[in-house]
1. At 1.4 Å probe size, with every protein chain present, just tell me what the per residue accessible area of segment 66-105 comes to in Å².
2. Working out 0.36 nm times the residue gap between ARG21 and GLU9, then minus their Cα-Cα distance, what length gain in nm do you get to one decimal?
3. Could you put LEU43, LEU49 in order of accessible surface area, largest first, with the 1.4 Å probe and the full protein assembly present?
4. For the residue pair ARG120 and THR48, what label-to-label distance in nm results when each label sits 7 Å from Cα along the Cα-to-beta-carbon direction?
5. Order LYS18, LYS97, most accessible first, counting only protein heavy atoms with a 1.4 angstrom probe.
6. If packing is taken as the mean number of other Cβ atoms within 10 Å per residue, what is the order of 52-62, 79-89, highest first?
7. How far apart, in nanometres, would the label points at HIS87 and LEU112 be if each is projected 7 angstrom from Cα along the Cα-to-Cβ direction?
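The values are calculated or read from the model by the stated rules, or taken from the named source; none is laboratory data. No experiment lies behind these values; they were computed from the predicted model shown. No Cβ is skipped: glycine too gets one built from the backbone with ideal geometry, and neighbour counts run over all protein chains shown. The area values use the complete protein model at the heavy-atom level, side chains included, leaving out ligands, DNA and RNA. Shrake-Rupley method; radii C 1.70, N 1.55, O 1.52, S 1.80 Å.
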Amino acid sequence: PDPTSMSAEMAFRISRTKFKRDSYRRARLFHPDSFQHQGKANLNLISTLLQRLPAGALVLDPMGGTGSILIATDYQHPVIVGDLEPHWAALAGTNRKTIAGRRLFASSTPALCCNWDAGRLPLPNNSVPAIITSPPYWDMLSDWHISSNSLQAGGHPDYGVAYGVHPRN
């Protein structure tokens with residue numbers, strides 16, 4: 001069996017686990033603007049998943065937002081993270097530098113932050129052994145224009161700015 005795949009039973013157990021809030025950990029590792037993104041993956045969940053990967057396995061998050069998956073570098077996993085919206089991809093790049101600067105060990109673990117369309121990844125087939133992503137939260141978009149408090153100017157008239165206004169979002 002593929003060592004990077006997870007059994008259905010294990011995936012079910014993880015999906016039923018309630019993970020502690022990650023606000024304190026996130027505040028230490030990520031730029032404050034990261035809290036504006038409503039679709040942040042829980043860092044404790046990500047850590048649980050990363051611990052099940054073989055040492056050094058490359059990890060991809062194709063819809064990475066502000067780059068929560070970048071904590072994989074603390075587990076010596078090289079990371080590629082990308083996002084369609086340029087402002088989130090740029091913030092992921094800022095977070096990459098912050099995380100690397102605060103790390104005591106594994107300072108050479110590579111991480112790449114990209115601005116791309118997850119539907120058209122510039123990667124060869126079967127080139128990435130592990131994908132961990134937190135896909136867009138469509139259920140949040142129904143009232144995003146109310147709950148976003150105008151975090152960014154120029155949001156979509158129906159959807160607000162949850163993931164920006166790019167037509168491929």
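1. On the way: 1520 Å² over 40 residues.
About 38 Å² of surface per residue is accessible.
2. 1.9 nm
3. LEU49, LEU43
4. So the two model labels end up 3.7 nm from each other.
5. The ranking, largest first, comes out as LYS18, LYS97.
6. Per-residue mean Cβ counts within 10 Å order the peptides as 79-89, 52-62.
7. 2.7
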